[in-house]
Amino acid sequence: MFDLTDNKVMIDGNTKVCILIGNPVGHTLSPLIHNTLASICGHDLVYAACSVNPGKVKRAVEGAYELGILGLNVTVPHKIEVMDALCGVDDIAGQIGAVNTLVRTDHGFKGYNTDIYGLERALLSEGVSIEGETVVILGAGGAARACAFLCGLRKASKVYILNRSVDKAEELATAVNNYSGYSICTPLPLDKYESINEESFVALQATSIGLYPDVNRAVIEDEAFYKRVRFGFDLIYKPAETAFMKLVRRGGGECACGLKMLMYQGIAAYEMWNDTSVDDKQAGIVYSVLTEAAYR
Ligand code: NDP
């Protein structure tokens, strides 16, 4: 356990261990999230990051189980490969097709996707609820899948999925429509945003365009689009204000970056591992530590 008050690390034979597996893991902020949580929640737990080569994920997860690891996070590029190593996959994680959190059971690790809950809690903290909303999702990759299934799960009224490769938008729209049992998703090519009927909507930016160091680009740059964005959420968190967010503000809308989503996906995992709940005050402490580390 890392003691924030006097910077002491206290680890003994009872300390629980959680890890992140990915490749690379050098830049991850997850250890900061979880070790801060352990400190403020008073749990005897440490969290470390381990680089695992593609093709070796099953062996790594089996080894982690035998070593008594309490829980794992899984990041790029292992979120799909890891599913072969699990005793079960949560329904919504299976639908999304990606697992980022492993929870220990008596039979092995079970896989979950906490990105979807991280996104929901980040949006709620900005006063945005998906239920009944018109939502425009930019992108159809892994992160966009979490966005689209959140819209299906929480009953958005209408969802447009715009992607450069329209076949991926079509596949995702069909999957969410089948999952939610009603036809809420419409796929569109990226440049067909003018065919969106609604005059005001929430936009979720889930492409990799605008990610540091390519900070001056947005996936749509037409200011007319942004005049209709009531609230814009960029899943990218570096830089803190992306080109997409600047365009949303210029169009008169409010916006936020993806740092809170990153934090809340970690908090959701931490809550599952420790059978606890993290309150707003504790989340606020984690967020200030995280902001300082992400943008220093
Ligand atoms: P993927 O590689 O799975 O998807 C990338 C998406 O970006 C695809 O829709 C792709 O379109 C689109 N794209 C890439 N290049 C271009 C381009 N030149 N023009 C138009 N579209 C483009 O990545 P992820 O979904 O995993 O991640 C997307 C972003 O979300 C990343 O920047 C990541 O950092 C962020 N993220 C943030 C999280 C958080 O907690 N805040 C969690 C997860 C992700 P196409 O299908 O046509 O290739």
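Just so it is clear, none of the values below were taken in a lab; they were calculated from the coordinates. Here the structure is a predicted model, which means the values were calculated and not measured. Ideal geometry is used to build each Cβ from the backbone, glycine not excepted, and the neighbour counts take in all protein chains shown.
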- Item | Rounded, prolate or oblate (a/c below 1.5 giving rounded, otherwise prolate when a/b exceeds b/c) for the chain by Cα gyration tensor | prolate
- Query: If the chain between Ala240 and Asp280 were fully stretched, how many nm would it gain, using 0.36 nm times the residue separation less the Cα-Cα distance?
  - Reply: 12.3 nm
- Here the net charge surrounding Arg104, from other residues whose Cβ is less than 12 Å away from its Cβ (Lys, Arg +1; Asp, Glu -1), is -1
- Message: About the Cα centre, and with charges only on the beta carbon of Lys, Arg (+1) and Asp, Glu (-1), how big is the dipole of the chain? Nearest 20 debye, please.
- Response: 380
- Message: Quick test of the membrane-span-like rule: which DSSP H helices of the chain reach at least 30 Å along their long axis (C-alpha atoms) with mean Kyte hydropathy at least 0.0?
- Response: none
- Message: Give the aspartates and glutamates whose C-alpha is closer than 18 Å to that of Lys246, dropping any in the same chain fewer than 8 places away, or say none.
- Response: Glu126, Asp214, Glu221, Asp222, Glu223, Asp234, Glu254
- Note on the structure: Gyration tensor on Cα atoms of region 1-140, a ≥ b ≥ c root eigenvalues, a/c under 1.5 rounded, else prolate if a/b beats b/c, else oblate, says oblate
- Hits among aspartates and glutamates - C-alpha to C-alpha of Lys79 under 12 Å, sequence gap 8 or more where chains match: Asp115
- With the chain treated as a Gaussian network of Cα nodes joined by springs under 10 Å, which of Ala240, Ala98, Ala140 yields the largest mean-square fluctuation? Ala240
- Task: Return the single residue from Gln95, Gln282, Gln265 with maximal mean-square fluctuation; model: Gaussian network over the chain, springs between Cα atoms under 10 Å.
- Result: Gln282
- Enumerate the amide H contacts of Thr186 below 5 Å, restricted to partners 5 or more residues apart or on another chain; note that Pro and chain-start residues carry no placed amide H. Val159, Tyr160, Ile161
- Alpha-carbon centroids, region 249-272 and region 112-129: separation in whole Å: 7
- How high is the relative contact order of the chain, in percent, with contacts defined as C-alpha pairs under 8 Å that are six or more residues apart? 15
